[in-house]
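To start, the structure under review is shown below, and the notes come after it.
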Amino acid sequence: KKTNEHLEEEVKERIKAEKEANKALSKEKELNELKSRFVSMASHEFRTPLSTILSSASLIGKYTTTETQPNRDKHIGRIKSNVTELTSILNEFLSLEKIDAGKMRVELAQLEMVAFLDELSDELATVAKDGQDIVLETIETNCIMNTDPLMLRQVMTNLISNAIKYSSSQIRVVLTDLDKTVELSVIDQGIGIPENDQKHLFDKFFRAHNSHHIQGTGLGLNIVRKYLDLLEADIRFESEEGTGSTFTIILNK
Ligand code: ADP
């Protein structure tokens, strides 16, 4: 005959097992929802780039003389940028799937922030629009942080890529070394975010109303928020429709 203690122990075990099963189930539900929403988003978002790739590829075949070389180059450029766009949509989905499944591990390393931001700004300047400089502003010459370089790189890439996409003039990247934190800001003078949309900005698949004419998935900022949670860092932003946006991440030293 079981004692009361034994019974209590058994009940506790069962409740624990049930809780774990529920947790696994809700994670699975979340992943399934991500997948089905991604499929419906992708079937819409893939259409324009795919048809551009197809028409450019067929036109290239018609431009065979030296006079038509510039046309050929233009269409090759279009194919490249559309393939890049489609690849980045798929990569965003795969990252988010990995994060949501709890499979992303933080790997800390020493990172010198000034050189890191300098290189990243130069790299992203190659995909910026004509006349859209990316300028790094800081009074620091050396600022070493213990962080996950790949995650931080993805976070900053997403923020700077958004600034490129949603503006057409200079983008400032500002590093400020404070007492207990280091702040990194990305400042643009672009279309801004309507006030009513601001509270949803980090939700999965959310896109502000003034940005629907520009390609996007609404996954980038959700990924940013989740990476920053893993890094125990924070983000804030200020934005005004038609004036521009400033996104600032706050890293703890
Ligand atoms: P995506 O850019 O792929 O749509 P994000 O998750 O990166 O997805 O951003 C979500 C939404 O937030 C965008 O669709 C856009 O409406 C808005 N947004 C993000 N960054 C900016 C920015 N720098 N300027 C204006 N709007 C922005």
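A few notes on this one:
- Residue within segment 91-98 that is open to solvent by less than 60 Å² (accessible area, probe 1.4 Å) and within 16 Å of Asn162 (Cα to Cα) present: yes
- Checklist (1) more than 16 Å from the ligand (Cβ to nearest atom); (2) touching a Lys or Arg at 6+ places or on another chain (Cβ under 9 Å) applied to Leu152, failing item: (2)
- Looking across segment 143-160, just one residue is of a type in the set (Ser, Thr, Tyr) and either over 30 Å from His213 (Cβ atoms) or in contact with a Gly (Cβ under 7 Å, 6 or more places away or on another chain) (or both), and that is Thr147.
- Of all residues in segment 8-30, those being open to solvent by less than 100 Å² (accessible area, probe 1.4 Å) and at pLDDT below 90 number 4.
- Subset of segment 145-170 (residues that are within 16 Å of the chain's Cα centre (by Cα), open to solvent by 30 Å² or more (accessible area, probe 1.4 Å) and more than 18 Å from Ala109 (Cβ to Cβ)): Ser161, Asn162, Lys165, Tyr166
- Flag for Val173 being near the ligand (Cβ under 9 Å from one of its atoms), open to solvent by less than 20 Å² (accessible area, probe 1.4 Å), in a strand (DSSP E or B) and in contact (Cβ under 8 Å) with a residue 12 or more places away in the chain: no
- Restricting attention to segment 198-226, the residues being more than 8 Å from the ligand (Cβ to nearest atom), charged (D, E, K, R) and out of contact with any Leu (no Cβ under 8 Å at 6 or more places or on another chain) number 3.
- In segment 85-98, the residues that are on the phi < 0 side of the Ramachandran plot form Cβ pairs under 6 Å with partners that are aliphatic (A, V, I, L, M), at six or more places apart or across chains, as follows: Glu92/Leu219; Ser95/Ile223; Leu96/Leu219; Leu96/Ile223; Lys98/Met104.
- In segment 189-207, the residues that are open to solvent by less than 20 Å² (accessible area, probe 1.4 Å) and either charged (D, E, K, R) or under 15 Å from Met41 (Cα atoms) (or both): Asp197
The values are calculated or read from the model by the stated rules, or taken from the named source; none is laboratory data. Every value quoted in this text rests on a predicted model; they were computed, and no experiment measured them. All Cβ positions, glycine included, derive from the backbone under ideal geometry; neighbour counts span all protein chains shown. Each accessible area value is taken on the protein alone, full model and side chains, heavy atoms only, with ligands, DNA and RNA left out. Shrake-Rupley method; radii C 1.70, N 1.55, O 1.52, S 1.80 Å.
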